[in-house]
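Note sheet for the following structure.
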C-alpha cells in the first residue's frame, strides 16, 4: 500500500530502485549460465527435421542417409511415439504422422552423439569460421579470383591463437575458402553447407543462385524458392 504524503503517495515497490541479486556476479564474470554447465557423460543431441510443405501427405521417411552420418544414433518418427491425434489436434503432436499440417511441422528427430552430427553431419565450428573468413580478404565485390586463397592463408595464420582446429578440420576450412567461388559442388557435408550458405547470399549482388550449383538438398530447395523460406 502507498504511504500518503503531502506531495503525493510514495510506493515501497513501484518506482523504487532495487539492487539485482546477480549484478555483482554478472559484471565480474563469475555468473554461471546454462552453457557453462558441464555436459554429463553420454549426453545425446537432438535436432528436428521440419516439413518444407504445408498440407503434405507423408508417404514414407527414408532415414538411411542420416543414419550413415558418423555419430548419429537414431532417427525417430511418429511411429516411435504412442501419440495419435485427429483434426486440429494434429498441430500439437510431437511429430507429424500421416500429414504435415503446416510448413515447419516436425516430421522426424535426429539423435546423435554430437551437435554437428545431429544437425546434418556438418562441422558447425568450421561452417561458422568459413562465414567469417571466406570473404575477409576480398578486395572488391567484382572480380577477385585470389581472395579465397588469401582467406585460407588468413585461417592458417589465426588457427592456434584466435581459434583452435586440428589439422584435418583446418584443411577442410582452407579448401572450402579456396574453392568456394569456383562453381563446384561437394559431397562433404561441411564443405557443402559452407558453399551453399555463401551462394544463397548472392542476391545481394544481383545474382540468383542456381539449384544445380547447390551441394545439399536443403540448398537446392532454397535456391529453387526465391523467398528462401
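Per-structure values
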| quantity | calculated |
| --- | --- |
| Shape category assigned to the chain from the gyration tensor of Cα positions, a/c cut at 1.5 | oblate |
| FRET E, pair residue 99, residue 12, Förster distance 45 Å, beta-carbon r, rounded to 0.05 | 0.20 |
| For the chain, built as a Gaussian network whose Cα springs stay under 10 Å, the top-fluctuating residue of 210, 21, 34 | 21 |
| Potential lengthening between residue 163 and residue 21 on full extension [0.36 nm per residue; Cα-Cα distance subtracted] | 47.7 nm |
| Neighbour-count order for 53, 11, fewest beta carbons within 10 angstrom listed first | 11, 53 |
| Stokes-Einstein D for region 45-119, Kirkwood Rh over Cα pairs, 20 °C, 1.002 mPa s (µm²/s) | 169 µm²/s |
| Cα centroid separation, region 150-195 to region 24-65 (Å) | 25 Å |
| Among 78, 65, 122, residue whose mean-square fluctuation peaks in a GNM of the chain (springs only between Cα atoms under 10 Å) | 65 |
| Cα-based shape type of region 124-223, given that a ≥ b ≥ c are square roots of the gyration tensor eigenvalues and the cut on a/c is 1.5 | oblate |
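Quick note: the coordinates plus some simple rules give every number you see, no bench work behind them. These figures come from a predicted structure and were not determined experimentally. Note that each Cβ is placed from the backbone with ideal geometry, even for glycine, and that neighbours are counted across all protein chains shown.
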